[in-house]
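Undergrad: Handing you this structure, nothing more for now.
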Amino acid sequence: MDRRFRVVLAGAIGNLLEWYDFGLYGLLAPVLASEFFPGHNRIASLLAVYGGFAGGFAMRPIGAVFLGRLGDRVGRRFVLVVSVLLMGLSTVAVGLLPGYRAIGIGAPVLLILTRLFQGFSVGGEFVGSVTYLVETAPLARRGLAGSVANWGATAGMLLGAGAATVATSPAIPRYFDVSAWRVPFLLGGVMASAAYLLRRGLPEIPGSPSEAGRKSPLRQAIREQPGALTATLLFTSGYGIINYITMVFLPTFAHSFGRIAEHVALRINTAGQALALVLVPVAGWVSDRWLSRRTIIAAACLGEAVVAWRAFSVAGGPGASGLWFAQLSFALLLALVMGTGPAMLAEQFHVGYRVSAHAVAFNLGIGIVGGTAPLVAVALIKTTSNPMAPAGYLIFAALLSLAGILALRDRSRLPLD
């Protein structure tokens, strides 16, 4: 296999597994709610499931500190191998867990613990693969190379959406319906095995780790680049909310509050993921040749703020046409950020602490702020008794992300430090 192709494939497949699992969990929230948190209050059950979703993301910064340090001190390849093995184990575990009717309160406890372990294991996955891809790419292809990680993530979300659609389809025979949701999680083990085989033979990047990496990488980043860390955190926080409100929560919103059939909402979500899959590498390529990465991201964030209210208004209305408009609009705008953001952020930090700095800022934003977005969205609806509350939250997120990206230096055409 060609070396460059193997690097690209190895970088994509780990993120495919990561986001397949997280997307699957979010999209199957109504099914998991009835399986692990049965109750008569629909919103309370959804809050419990999304609490597990958020808990997994809350562990990501902890994993980022641990795995990011290994990436800077031991090497990028080592972290890529370790993270994919841990992710595979936790994904399969969800598919094997007994439900509430089998073991009672132990079922939701085990589910939450599994999500926490999974969140820890992915703390260094995305950033580790982005760093490897960007550092091994020519200067004129860094945007395209970085987009591969999010292309894999989008493919994972697409597979997750497709698997969730099949698992909740009315065509599933009744005798199989009770356990159909488990099959997609078990298939994650197959992906993990393939990722491990690809990654174990990757060469280490020459000169990595550096002398700086023998110190405390994160402490050095805080001392030397506090402004870049703060701006990155602002950007990733807004980006995380945008991602999980528009691509994970929106189908549940349309089903629960717009009364659109669950399998129809998931089918539309799958179409949105497919659109993003096509546009992500295109955005990365454009950022290498024509527009700067910061310009593309800023325009996308502004677009999110402009369409958010209208999109949620029609998605919560009768019929599926409104959801089609909302989901495809959000997918197009998000793809612009996903295609250019990885290289943009990797370019901000010095090689000696690049993984640690990027991983912690990214996972705090995506994990703590973005990972709680579906939970916050449901809580806002319950507190305000207004189903349009998530639209206001989305507008806030878009403006926050815009402020963060404008505060960062654009290094699209500059060598890496």
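The values are calculated or read from the model by the stated rules, or taken from the named source; none is laboratory data. Just so it is clear, the model here is predicted, and its values are computed rather than measured. Reconstructed Cβ throughout: ideal geometry from the backbone, glycine too, with neighbour counts over all protein chains shown.
Undergrad: Can you name the helices (runs of 4 or more DSSP H) wholly within the stretch 39-151 that have at least 3 residues being under 22 Å from G14 (Cβ atoms) and not charged (D, E, K, R)?
TA: 42-58, 60-73, 76-96, 106-121, 125-135
Undergrad: Something else about it: Taking helices (runs of 4 or more DSSP H) that fall entirely within the stretch 238-316, which contain at least 3 residues that are closer than 14 Å to L328 by Cα and not aliphatic (A, V, I, L, M)? Don't jump to the end; show me each part of the working.
TA: Numbers: elements: 250-257, 262-289, 293-315.
The qualifying helices (runs of 4 or more DSSP H) are 262-289, 293-315.
So that you can scan it fast, the table gives a plain yes or no per residue for (1) assigned to a helix (DSSP H, G or I); (2) touching a Leu at 6+ places or on another chain (Cβ under 8 Å):
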{"position": "L333", "(1), (2)": "yes, no"}
{"position": "M338", "(1), (2)": "yes, no"}
{"position": "H358", "(1), (2)": "yes, yes"}
{"position": "N363", "(1), (2)": "yes, no"}
{"position": "V378", "(1), (2)": "yes, yes"}
{"position": "L399", "(1), (2)": "yes, no"}
{"position": "I405", "(1), (2)": "yes, no"}
{"position": "D417", "(1), (2)": "no, no"}
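Undergrad: Condition check: at positive phi and not acidic (D, E). Does G88 satisfy that? Don't jump to the end; show me each part of the working.
TA: Working: at positive phi: no; not acidic (D, E): yes.
Judged against the criteria, G88 is not a match.
Undergrad: Give the stretch 313-352 a look and list any residue that's polar (S, T, N, Q) and closer than 18 Å to I405 by Cα, or say none.
TA: Listed by number, the residues that qualify are T340, Q348.
So that you can scan it fast, the table gives a plain yes or no per residue for (1) small (G, A, S); (2) surrounded by 19 or more Cβ atoms within 10 Å (Cβ to Cβ):
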site: I241; (1), (2): no, yes
site: H255; (1), (2): no, yes
site: G258; (1), (2): yes, yes
site: V264; (1), (2): no, no
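Undergrad: Same structure, new question: Pairs needed: first member in the stretch 291-302, under 9 Å from S412 (Cβ atoms); second member anywhere, part of a helix (DSSP H, G or I) and of a type outside the set (S, T, N, Q); C-beta distance under 7 Å; at least 6 residues apart or different chains.
TA: Filtered contacts from the stretch 291-302: R293/G143; R293/A343; R293/M344; R294/M344; R294/I405.
Undergrad: Residues to consider are I13, I43, I105; find the one that is farther than 21 Å from E135 by Cα, touching a helix residue (DSSP H, G or I) at 6+ places or on another chain (Cβ under 7 Å) and not charged (D, E, K, R). Write out each step before concluding.
TA: Numbers: I13 fails: farther than 21 Å from E135 by Cα; I105 fails: touching a helix residue (DSSP H, G or I) at 6+ places or on another chain (Cβ under 7 Å).
On inspection, the qualifying residue turns out to be I43.
Undergrad: Inspect the stretch 199-213 for any residue being part of a helix (DSSP H, G or I) and at pLDDT below 75 and give the result as yes or no.
TA: So far as the stretch 199-213 goes, yes, one or more of its residues are part of a helix (DSSP H, G or I) and at pLDDT below 75.
Undergrad: Sort through V360, V280, V337, V286 and tell me the only one that's over 18 Å from W19 (Cβ atoms) and crowded, with 24+ Cβ neighbours inside 10 Å.
TA: Numbers: V280 fails: over 18 Å from W19 (Cβ atoms); V337 fails: over 18 Å from W19 (Cβ atoms); V286 fails: crowded, with 24+ Cβ neighbours inside 10 Å.
Exactly one of V360, V280, V337, V286 is over 18 Å from W19 (Cβ atoms) and crowded, with 24+ Cβ neighbours inside 10 Å, namely V360.
Undergrad: Follow-up question, since we're still on this one. Does G152 count as at pLDDT below 95, farther than 19 Å from A361 by Cα and touching a Phe, Trp or Tyr at 6+ places or on another chain (Cβ under 7 Å)?
TA: Taking the combined requirement at face value, the residue does not satisfy it.
Undergrad: Follow-up question, since we're still on this one. I need the full set of residues from the stretch 365-375 which are surrounded by 22 or more Cβ atoms within 10 Å (Cβ to Cβ) and assigned to a helix (DSSP H, G or I), in order please. Please lay out each step first, then the result.
TA: The initial filter retains those residues of the stretch 365-375 that are surrounded by 22 or more Cβ atoms within 10 Å (Cβ to Cβ), namely 365-367, 369-371, 373-375.
Result: G365, I366, G367, V369, G370, A373, P374, L375.
Undergrad: Which one is farthest from N386 (Cα to Cα) among residues in the stretch 282-323 that are among the hydrophobic types (A, V, I, L, M, F, W, C) and more than 22 Å from the chain's Cα centre (by Cα)?
TA: Here is the first cut: in the stretch 282-323, the ones among the hydrophobic types (A, V, I, L, M, F, W, C) are 282-283, 285-286, 290-291, 296-302, 305-309, 311-312, 314-315, 320, 323.
Now restrict to residues that are more than 22 Å from the chain's Cα centre (by Cα): 286, 290-291, 306, 309, 314-315, 320.
On the way: V286: 40, W290: 43, L291: 39, V306: 20, W309: 13, V314: 15, A315: 14, A320: 21 Å.
Filtering first and then ranking leaves W290.
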